[in-house]
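Q: Please see the structure below; I have some questions.
The values are calculated or read from the model by the stated rules, or taken from the named source; none is laboratory data. Just so you know, these numbers come straight off a predicted model, no measurement behind them. Glycine also receives a Cβ, built like all others from the backbone with ideal geometry; neighbour counts cover every protein chain displayed.
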Number of protein chains: 2
Amino acid sequence: MKLGTLRGPGRDGTLIVVHEDGQAYTPAGATWPTLQAALDDWERAEPALRKLSEALKQGTVQAQPLDVSKLHAPLPRAYEWVDGSAYINHIVLVRKARGAEPPETLRTDPLVYQGGSGVLLGPTDDIPLRDEQWGLDFEAEVCAILGDTPMGTTALEAERHIRLLCLANDVTLRNLIPNELAKGFGFFCSKPATAFSPFAITPDELGDVFKDGRIHLRLRSTYNGELAGDPEAGPEMHFSFFDLIAHLTKTRSYTAGTILGSGTVSNADRARGVSCLAERRMIETLDDGKPTTPFMRVGDTIAIEMLDAAGRSLFGRIEQKVVKA
Amino acid sequence: MKLGTLRGPGRDGTLIVVHEDGQAYTPAGATWPTLQAALDDWERAEPALRKLSEALKQGTVQAQPLDVSKLHAPLPRAYEWVDGSAYINHIVLVRKARGAEPPETLRTDPLVYQGGSGVLLGPTDDIPLRDEQWGLDFEAEVCAILGDTPMGTTALEAERHIRLLCLANDVTLRNLIPNELAKGFGFFCSKPATAFSPFAITPDELGDVFKDGRIHLRLRSTYNGELAGDPEAGPEMHFSFFDLIAHLTKTRSYTAGTILGSGTVSNADRARGVSCLAERRMIETLDDGKPTTPFMRVGDTIAIEMLDAAGRSLFGRIEQKVVKA
């Protein structure tokens, strides 16, 4: 089942059920007007929405043509946005880039940060930038949207709490990070609003490419019209979504609609390219002594999507442009 | 105007308008069934709720007796919980306690962290604790609840975005902090669910004791029935709520209902006591070479409130007990 959120009339938009081809939709209806409402009441909402999804496939419900530019993020605002950093290659490269050591517990204790979740960007929303000197970067990620998840959930119990999967562009201001982390409280101003893919899909849509809490497909990032990278999102995700959920719930519970990110997808194989510019700049530094790729500038574009074996875009395409704010 | 949230029927509870004596209430009604709904539509909601508040005072609307134990947090779940650390004395003492230096930019660049906001505790909710070794501590704070606040808001423009004020107990697991901060991503597991006061009140309720973005009253913390501290919340709040808002909005915008905390209220004058045990333990270490006060244990209680000049409890009383989870 593929879900999306049309903009308006309210702040949380209108929940729609989307045809598997991503070209047509039908509104979810008044009982679950928004994705948050459906997640709050998932046991009842899920079967009803699946019926609509099936009717859409069968052509027994009226379908409307889908204009992706009318879509907001699946959750235009969420109660939590918790972002991991589960790809070891990314951590090692990005820390090198800022002259920092990877933490000693790199492979045993997941890195996660709490991001802002009150204002999220839709898949085609511009990225507003006040100052190019802040070093704007994209970060292509895969995400899980959780149902209610209690404190003390183990990795073995975690799968049942994953309601939906989607993609994110975790926009980052690289040049604000060193001073911010030096203060000891983690990221804040260096992490502006995050953008999400047009569609959030149930894990069963992925069949056996969602396994062990990882999505075993390549995540494609296209920067200014050229492929920046298409790393495999599966094998090098050191901590799976299940592991991350076990970590998160050590000391607290989560409400339905919490979004959990994987961190920047990254492969050790350089042929797979990058999912953020910081990695490319570090590779340039290792090879040539200094970075040559600048960070993003006003007018730059970034597209992020994930194709299945048949070449279909599973989550739709994040497609954003940087604009002067 | 004094607002609160009764538990149920939904996750976000039921918005009530509370008599200034805190003893009686009337439901806000179906147009704004929850505080989030009112904040989303504040220009219309505020005058209507003020009329109800006035009617409650005049006795022209039916009042119901208020049982504080039936109250949830004013926002049972919020889209963001952003917590500052605006009292310099607290930063200096707590960093000493963990052998860390205060940041170089202590007095020029505010410290804020992004907290979890999807599961918040009501004023009389138990504090669930899985392991006493984690070093549970309370932190008494004052908070502002914001309306929509755009990117680039200056300190001079900030006041208009403050809708309500309340108190918080920013529960902290001290012994999880050092390893967590060593990873470089800030607090996460060390900050479990935060609790909020029974009432959120409009700034005008405070008259001239809310000025320059600070609340000029004492915040009383009572630990296991004994006064732990009653520091002045005003003069030593180095960064005011206005300053904090200017900092937050450097790179992004905030949706209505964002909660902004002051950080642990703390005075250099030792006679004013403490608003958290970490400070007391540091003072013991400075005086006697080692801390003698343990962190909170199962069965311990903490109460937090703020009295006005007439001795009335402005926000009601946070009153929690630690229980084994």
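Q: Starting from segment A:48-61, take each residue that is surrounded by 13 or more Cβ atoms within 10 Å (Cβ to Cβ) and list its partners that are modelled with pLDDT of 95 or more and assigned to a helix (DSSP H, G or I), counting only C-beta distances under 7 angstrom and pairs at least six apart or across chains.
A: A:LEU49/A:ALA38; A:VAL61/A:LEU52; A:VAL61/A:ALA55
Q: Oh, and also: If you take the residues of segment A:294-325 that are in a loop (DSSP other than H, G, I, E, B) and of a type in the set (D, E, K, R), which of them is farthest from A:LEU66 (Cα to Cα)?
A: A:ARG297
Q: Given the conditions (1) in a strand (DSSP E or B); (2) without any contact (Cβ under 8 Å) to a residue 60 or more places away in the chain, report the number of the one that A:ASP83 does not fulfil.
A: (2)
Q: Being crowded, with 22+ Cβ neighbours inside 10 Å and within 14 Å of another protein chain (Cβ to nearest Cβ) is the filter here; which residues of segment B:228-246 pass it?
A: Scanning segment B:228-246 gives B:PHE239, B:LEU244, B:ILE245.
Q: Do we have A:ALA271 as free of Cβ contacts under 8 Å to residues at least 12 places away in the same chain and either within 14 Å of chain B (Cβ to nearest Cβ) or not aromatic (Phe, Trp, Tyr) (or both) here?
A: Criteria met by A:ALA271.
Q: Here's another thing I want to ask about it. Just checking, does segment B:198-219 include any residue being within 12 Å of another protein chain (Cβ to nearest Cβ) and free of Cβ contacts under 8 Å to residues at least 24 places away in the same chain?
A: Scanning segment B:198-219 turns up no residue that is within 12 Å of another protein chain (Cβ to nearest Cβ) and free of Cβ contacts under 8 Å to residues at least 24 places away in the same chain.
Q: On to the next question. So which strands (runs of 3 or more DSSP E) stay within segment B:1-41 end to end and still have 3 or more residues that are within 20 Å of the chain's Cα centre (by Cα) and either over 10 Å from B:PRO76 (Cα atoms) or free of Cβ contacts under 8 Å to residues at least 12 places away in the same chain (or both)?
A: B:2-6, B:14-18
Q: Based on what the data block shows, is A:ARG297 surrounded by fewer than 20 Cβ atoms within 10 Å (Cβ to Cβ), in contact (Cβ under 8 Å) with a residue 60 or more places away in the chain and out of contact with any strand residue (DSSP E or B) (no Cβ under 6 Å at 6 or more places or on another chain)?
A: yes
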